[in-house]
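Data block below; observations after.
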Ligand SMILES: [Zn+2]
């Protein structure tokens, strides 16, 4: 592991040029979702994707500590050659905070994320504690990771700072960007993703992702995020696979975030806004 960044998180700059690529990430990978994730990976092969970022939750809702599921770990290890393991939160469940909360906070944490914005407004210290707990599960499972992605991409200002101060990760991502913590560089690219919790959300998701993919046609990096429940709905499954196939045709090979970041390291960023 290289040294952690010594400068403040506010010193991150936005890159104005970066390399082409497609990143397909699968969220919420844990022992309880393994079967459906295996199915997603098989379907991805049919559209030319053999490398993804697998977002593994150290202990999903406190019910699935990865270190207590050897069969799951054997399966994850069998994927490491071509796929990347990313730490995805710690419990993927938000602690209810005591005290008055704003309407916006309640909307974001309950309506938008169904109560799973684990790092939405955690303090620096609480963030570090959660991350250390998550890393403990990874270490006792013999898993290594270079990336951290917060549940629902919700990473508050203090949480980002806590993550940065941990110095354990090369990068994190939000819905709209990939942040290389070590290089202090942010790459703007909004991820496609589907919301499946209600029929109207599923219909809207298809139109939105169609639009988003078209608007990203000039962006070097195309990101597509999948969740296990997506595969329960044939229309979402068909649409996401079609978008992925189109993205791979436009940008070439799909690769994990870590591989893409290593490629960007090789080009010199000449200008910043
Ligand atoms: Zn998640």
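Every read-out reported here was derived from the displayed coordinates using simple, explicitly stated rules and does not represent laboratory data. From a predicted model like this one, the values you see are computed outputs, not experimental measurements. Note that we place each Cβ from the backbone using ideal geometry, even for glycine, and neighbour counts take in every protein chain shown.
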Quiz item: When DSSP assigns beta bridges and you keep just the ones with both residues in the chain, what percent turn out antiparallel, to the nearest 5?
Solution: 30 percent
Practice problem: Please give the residues of region 117-153, grouped as numeric ranges, whose backbone N is less than 18 Å from a label point set 7 Å along the Cα-to-Cβ vector of residue 195. | Solution: 117-118, 120, 151-153
Quiz item: So how much slack lies between residue 45 and residue 188, counting 0.36 nm per residue of separation and subtracting their Cα-Cα distance, in nm?
Solution: 48.8 nm
Quiz item: Roughly how many nanometres apart are two label points built 7 Å out from the Cα toward the Cβ at residue 139 and residue 63?
Solution: 2.9 nm
Quiz item: Given labels modelled 7 Å from the Cα in the Cβ direction, how far is it in nm from residue 11 to residue 123?
Solution: 2.6 nm
Quiz item: Shape of region 9-265 from its Cα gyration tensor (a ≥ b ≥ c, root eigenvalues): rounded if a/c is under 1.5, otherwise prolate when a/b > b/c, or oblate?
Solution: rounded
